[in-house]
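For reference, the structure discussed in these notes is given below.
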Amino acid sequence: MRHPEIVNTLTLAGWLSAAVAALHVVIIFFGAPAYRYFGAGEEMARQAEAGSAVPAALTLAIAAVFAVFALYAFSGAGRVRRLPLLRTGLVAISAIYLLRGLGLIPELIQLARDTATVPARYPVFSAVSLVIGLVYLVGTVSLLRAPRESPASAGSRTSRTS
């Protein structure tokens, strides 16, 4: 049985990634204004306004990636079956979120110098990525430090009473 810290932390990470995936799906429905607001770029917004399927397809692909991130977190928590390269995947996902979150540093410097070339909401997006990355990191490190479960115990969901 996995330690509650691992289960809770990676379950939280999974729900956070699922929320990011859902947000990307919502962005598709709001179209060009949402693409502009969330920083997808003017070209994506113009394509959406012109009725191109490209922005929606790209955004849906990104949503699918975040959904896979969620599945890996849930797998690490033992909520779904063990996925291939679970530990490697969780390390990579942690790194992706953390690297995206590090964008917070130059954004805050720009805001502090009053030379911001990015909207004030962008540091919020970076901070959210950083927090999600830290949640993944804590859960992943806990999982890596935990003894590996045997296949028999990993598949068993019953508890024993003494």
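Throughout, read-outs are computed from the coordinates displayed, never taken from laboratory work. Owing to the predicted nature of the structure, the values given are computational and were not obtained by experimental measurement. Neighbour counts are summed over all protein chains in view; Cβ atoms, including those assigned to glycine, are modelled from backbone coordinates with ideal geometry.
Fewest neighbouring Cβ atoms within 10 Å first, the residues 11, 140 line up as 11, 140.
Taking all Cα pairs closer than 8 Å and separated by 6 or more residues, the relative contact order of the stretch 55-123 comes to 18 percent.
When Kirkwood radius over Cα pairs in Å is calculated for this entry, the matching label among [x] 21.5; [y] 17.4; [z] 22.7 is [y].
In terms of packing, defined here as the mean over residues of other Cβ atoms within 10 angstrom, the peptides 68-74, 104-110 line up highest first as 68-74, 104-110.
Across the stretch 57-67, rounded Karplus estimates of 3J(HN,Hα) from the backbone phi angles (6.51 cos²θ - 1.76 cosθ + 1.60, θ = phi - 60°) give 5, 5, 5, 5, 5, 5, 4, 5, 4, 5, 5 Hz, Gly and Pro being marked x. Summing charges over neighbours of residue 75, with a neighbour being any other residue whose Cβ is under 10 Å away from its Cβ, gives +3 when K and R count +1 and D and E count -1.
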